[in-house]
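To keep things clear, I will list the structure first and then write my remarks on it.
The values are calculated or read from the model by the stated rules, or taken from the named source; none is laboratory data. The shown structure was predicted, so the numbers you read here are calculated from the model rather than taken from an experiment. Note that each Cβ is placed from the backbone with ideal geometry, even for glycine, and that neighbours are counted across all protein chains shown. Surface accessibility is based on the protein's heavy atoms, side chains included, excluding ligands, DNA and RNA. Shrake-Rupley method; radii C 1.70, N 1.55, O 1.52, S 1.80 Å.
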Amino acid sequence: MKTAAVILAGGMSRRMGRDKAALPFGEETMLSHLVRIYRPHFDITAVSVNVAGRFDTYGALEVVDRHPGDGPLAGLEAAFLDTGANLIFLTGTDLPLGDPALAQYLMKARGDHDACLIRSDRGLEPLFAVYSSTCLDAVRTALEEGRRSMFHMLQQVRTLELSAESLTDFNVQRILTNVNDPEEYARILAL
């Protein structure tokens, strides 16, 4: 079974005011940090972009949206088509405190489900989740119908939801800390 970690970096970063992928994160950028931490744990590490050549992918495979502007769903489609992976761990550039051990846990916990996601007090998190290639038809159908919502696609597949409280070996709240604006960025740097 071929696995891929795919880091979404195709968003417009409107609330941040500049590309989140290029933001400094210690001695690295947020994107280079994520590529480095996930690379040893997956067969393929890829960066999903809306425009080819948008970022230095730090040696990761670049996957380009076939439906630019259609959000993470377009990134997931491109990831399946360009990596050939059976299982994709999908994460956003704006989740820089991600944990490869939790990503691997989700892969194993998935069982025969099409997708495995975490439900926290903030709701279901589709951008730190595992998707099987069996989701591809639902992804493509949603995009063809103009339905950009990951949640719409998830209603069409067998999804396993794990509660954050059940994942006691992980600091899920920290891992799912999202960076969308300058205030959140400042808080995450303080961590």
Original post:
Which condition does Phe170 not pass, out of (1) closer than 20 Å to Gly123 by Cα; (2) within 16 Å of the chain's Cα centre (by Cα); (3) of a type in the set (A, V, I, L, M, F, W, C), if it passes all the others?
Top reply: (2)
Subject >> Any hit, the range 80-90, residues being closer than 20 Å to Lys20 by Cα and within 13 Å of the chain's Cα centre (by Cα) >> reply: yes
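Which helices (runs of 4 or more DSSP H) does the range 110-191 wholly contain that include 3 or more residues that are open to solvent by 40 Å² or more (accessible area, probe 1.4 Å), within 18 Å of Leu76 (Cβ to Cβ) and of a type in the set (D, E, K, R)?
Because the criterion is at least 3 residues that are open to solvent by 40 Å² or more (accessible area, probe 1.4 Å), within 18 Å of Leu76 (Cβ to Cβ) and of a type in the set (D, E, K, R), the helices (runs of 4 or more DSSP H) in the range 110-191 that meet it are 136-144.
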Subject >> Which listed residue is assigned to a helix (DSSP H, G or I), closer than 19 Å to Leu136 by Cβ and not β-branched (Val, Ile, Thr), from Ala46, Ala103, Ala85, Ala78 >> reply: Ala78
**OP:** Using the structure shown, decide if Met107 is crowded, with 22+ Cβ neighbours inside 10 Å and more than 20 Å from Leu31 (Cβ to Cβ).
**Re:** no
**OP:** Identify the single condition in (1) out of contact with any helix residue (DSSP H, G or I) (no Cβ under 6 Å at 6 or more places or on another chain); (2) touching a residue at least 12 places away in the same chain (Cβ under 8 Å); (3) not polar (S, T, N, Q) that Phe55 does not satisfy, given that it satisfies every other one.
**Re:** (1)
**OP:** Exactly one condition in (1) surrounded by fewer than 22 Cβ atoms within 10 Å (Cβ to Cβ); (2) charged (D, E, K, R); (3) at pLDDT below 95 is not met by Asp94; state its number.
**Re:** (1)
